[in-house]
Amino acid sequence: MNQVDNLADIRLLQEKGTGPFVQSILSQFARGLTDKQWRVVNRIAADIRHPKPKVVLDFAAIIVLFTTAGEHLKYPKVRLALSDGSAVVLSRAGARAKQPGTVNVTNGGRYGDPDNKWYGRIGLNGEFQQAGACTDEVVDLLKRFSDDPAGVAAAHGRLTGNCCFCGRGLSDERSTGVGYGPVCADNYGLAWGTV
């Protein structure tokens with residue numbers, strides 16, 4: 001960027017920029033900014049000029065499902081799969097977590113494991129806070145699960161032969177047909193035998 005464009009970006013930050021970071025950059029401007037700081041100024045100014053619309057994904061139905069399950073289970077969990085077979089695991093954050101009661105969305109890897117993928121978190125208000133590893137396919141799966149938990153659970157069970165809630169194999173003919181068993185149906189507040 002040329003100097004005129006950089007000065008225009010500084011003026012824009014002075015007019016519309018907010019927050020302590022922007023104020024820090026503006027106070028350093030008089031002393032001179034590094035190339036890296038100029039790139040940040042240019043990026044913030046571009047975001048101000050062309051704001052990206054915020055898409056709020058509401059998965060409140062998933063929070064309700066986990067709240068119901070929490071009345072019966074200490075650690076409710078849902079195991080689903082993407083089209084390539086990779087796991088998407090929803091698990092409730094415990095009482096000592098930074099945000100207790102929220103639903104973490106990962107690939108099921110253990111915390112700290114290099115293969116662990118963090119897709120995001122569903123807040124208690126149902127709003128999905130997407131993380132960098134999240135793909136459109138993960139979002140689509142969560143939307144479908146939020147809209148029809150019984151249907152998605154049933155499809156998963158019929159496809160894999162395992163219950164998406166407890167992970168156990170489905171051996172009973174009715175459970176195989178429904179895609180999950182009567183105990184999990186009761187724990188998660190879902191109908192059983194009618195899907």
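In segment 160-179, which residues are of a type outside the set (Lys, Arg) and over 24 Å from the mean Cα position of the chain (by Cα)? Working first, answer last.
Of segment 160-179, the ones of a type outside the set (Lys, Arg) are 160-167, 169-173, 175-179.
Gly161, Gly169, Leu170, Ser171, Asp172, Glu173, Ser175, Thr176, Gly177, Val178, Gly179, listed by residue number.
Restricting attention to segment 167-178, which residues are crowded, with 18+ Cβ neighbours inside 10 Å and without any contact (Cβ under 8 Å) to a residue 24 or more places away in the chain? Reasoning before the result, please.
From segment 167-178, those crowded, with 18+ Cβ neighbours inside 10 Å are 170, 175, 178; that's our starting set.
Once the filter is applied, which keeps residues that are crowded, with 18+ Cβ neighbours inside 10 Å and without any contact (Cβ under 8 Å) to a residue 24 or more places away in the chain, segment 167-178 yields Leu170, Ser175.
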Checklist entry - Could we say that Asn187 is without any contact (Cβ under 8 Å) to a residue 12 or more places away in the chain and either surrounded by fewer than 20 Cβ atoms within 10 Å (Cβ to Cβ) or under 16 Å from Tyr75 (Cβ atoms) (or both) here? => result no
The condition from (1) under 26 Å from the mean Cα position of the chain (by Cα); (2) at pLDDT below 85 that Thr68 misses is numbered (2)
Of (1) of a type in the set (D, E, K, R); (2) more than 29 Å from Gly109 (Cβ to Cβ); (3) assigned to a loop (DSSP other than H, G, I, E, B), Lys74 satisfies every one except (2)
Residue hits (segment 160-179; out of contact with any Leu (no Cβ under 7 Å at 6 or more places or on another chain), part of a helix (DSSP H, G or I), at pLDDT below 90 and not hydrophobic (A, V, I, L, M, F, W, C)) are Glu173, Arg174, Ser175, Gly177
Pairs returned, first residue in segment 21-41 that is farther than 13 Å from Asn6 by Cα, second residue that is surrounded by 13 or more Cβ atoms within 10 Å (Cβ to Cβ) and among the hydroxyl-bearing types (Ser, Thr, Tyr), beta-carbon separation under 9 angstrom, 6 or more apart or interchain, are none
The residue that is surrounded by the most Cβ atoms within 10 Å (Cβ to Cβ), considering only those in segment 82-132 that are among the hydrophobic types (A, V, I, L, M, F, W, C) and at pLDDT below 90, is Ala131
Checked against (1) in a helix (DSSP H, G or I); (2) closer than 16 Å to Gly85 by Cα; (3) touching a His at 6+ places or on another chain (Cβ under 9 Å), His156 satisfies every condition except (3)
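The values are calculated or read from the model by the stated rules, or taken from the named source; none is laboratory data. Predicted, not measured: the structure shown is a model, and the values here were computed from it. Every residue, glycine as well, gets a Cβ built from its backbone with ideal geometry; the counts of neighbours run over all protein chains shown.
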